[in-house]
Each structure stands twice: as C-alpha cells, then as structure tokens.
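Just so you know, all these numbers are worked out from the coordinates, no wet-lab data involved. What you are looking at is a predicted structure, and each value in this text was computed from that prediction instead of being measured. Every residue, glycine as well, gets a Cβ built from its backbone with ideal geometry; the counts of neighbours run over all protein chains shown.
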Amino acid sequence: MRPFKTLTLIILAAGTLAASAQARVPINEEPTIINTLLQGFIGDAIDDNCPTIEARKLRALGELNKLRDYALKQGYSADEIRALVRSKEEKAKGKALAAQWLKERGAEPGNPEAYCRIGEEEIAKNSLIGYLLRSTR
C-alpha cells in the first residue's frame, strides 16, 4: 500500500502545482509588478520634467532585478517578464498611468515646478519613487 500512497501524494502535489499555475493572473495584471513599474514610470516623468532632480539609474536597475526575481518566484517565465518589459503597449499604458497620477497631484507638462515639488516630496518620504530619484538642489 505504501507505493500507492506515495503515488497518490505525488499526483495530488502535481495537481496542486498545476492549479496554482493556472490561477496566476496575467503578468500585466499582477498588482505588485504593475505598481512597482508604475512607480518607475512616475520617477522617469519627474526626471524628464524637473531640472533639479535626476534618476538614480543603478538603483532603478537594482529594483528591476528585484522585480524580475519576484516575478520568477510567482511562476512567471523569463519570456513573459521580458515581453512585459519590452512591450510598447505596456510602456504606453504605464506612462499614461504615471501622467494621470502626476496630474492628480498638480503636475502637467510645461510646469517643472510641480514635478520638482512632487519629486522632492517623494524623496523626503523615501517612497520607492523617491528612492529612485536624487535632488541636485
């Protein structure tokens, strides 16, 4: 009976793994991944529009590596991750969400002071956005 019991456990474990893999949301809908990427897009927009704030590129690269590791642990493949990061459509969506987030806080193109204010606030809060930025004031 032991071999049957062992086989049953293996089959149940395999079924559980398959079910959890199928329950996974598409990578472009996974909240942690999308929220982290959004914060990067916000940081990029601040860097692009505020003359006294710069992006910390090595920190950004480190955060992308952490995010990749997180995605792999969630069961996403390297190809899925690569496709998300390279997708022009997903970049456009991310940039649009970042612009909306910034607009809600008073920043619009042509108003560098607003971008600088938001950037300085995020740096002071030590949020992920602020962690990815450096003030040159």
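Remarks
- For Pro51, neighbours were defined as the other residues whose beta-carbon sits under 11 Å from its Cβ, and their charges (Lys and Arg +1, Asp and Glu -1) total -3.
- Burial ordering of Val85, Val25, fewest other beta-carbon atoms within 10 Å first: Val25, Val85
- Distance between the C-alpha centres of segment 36-60 and segment 61-87: 19 Å, rounded to the whole angstrom.
- Contact order for segment 71-137, expressed relative to its length and based on alpha carbon pairs under 8 Å spaced 6+ residues apart, stands at 13 percent.
- Charge tally for Asp79 (other residues, Cβ to Cβ under 15 Å; Lys, Arg +1; Asp, Glu -1): +2.
- Computing Rg and the Kirkwood Rh from the Cα coordinates of segment 36-83 gives a ratio, Rg/Rh, of 1.09.
- Loop-located GluC sites (Glu not before Pro) in segment 53-137 (DSSP state other than H, G, I, E, B) with a sparse environment of at most 15 neighbouring Cβ atoms within 10 Å are absent.
- At R0 = 22 Å, FRET efficiency that the Cβ-Cβ distance of Arg137 and Lys95 yields, to 0.05: 0.25
- Alpha-carbon gyration tensor eigenvalues x 5, square-rooted, for segment 27-135, Å: 25, 15, 11
- Label-to-label distance, nm, for residues given as Ala55 and Asp79 (7 Å Cα→Cβ offset): 2.8
- Efficiency of FRET between Glu29 and Glu121 - r from beta-carbon atoms, R0 41 angstrom, step 0.05: 0.90
- Assuming charge only on the beta carbon of Lys and Arg (+1) and of Asp and Glu (-1), the dipole of segment 27-135 about its Cα centre is about 240 debye to the nearest 20.
- Beyond 12 Å, the tail of the calculated P(r) for segment 76-117 holds 65 percent of the Cα pairs.
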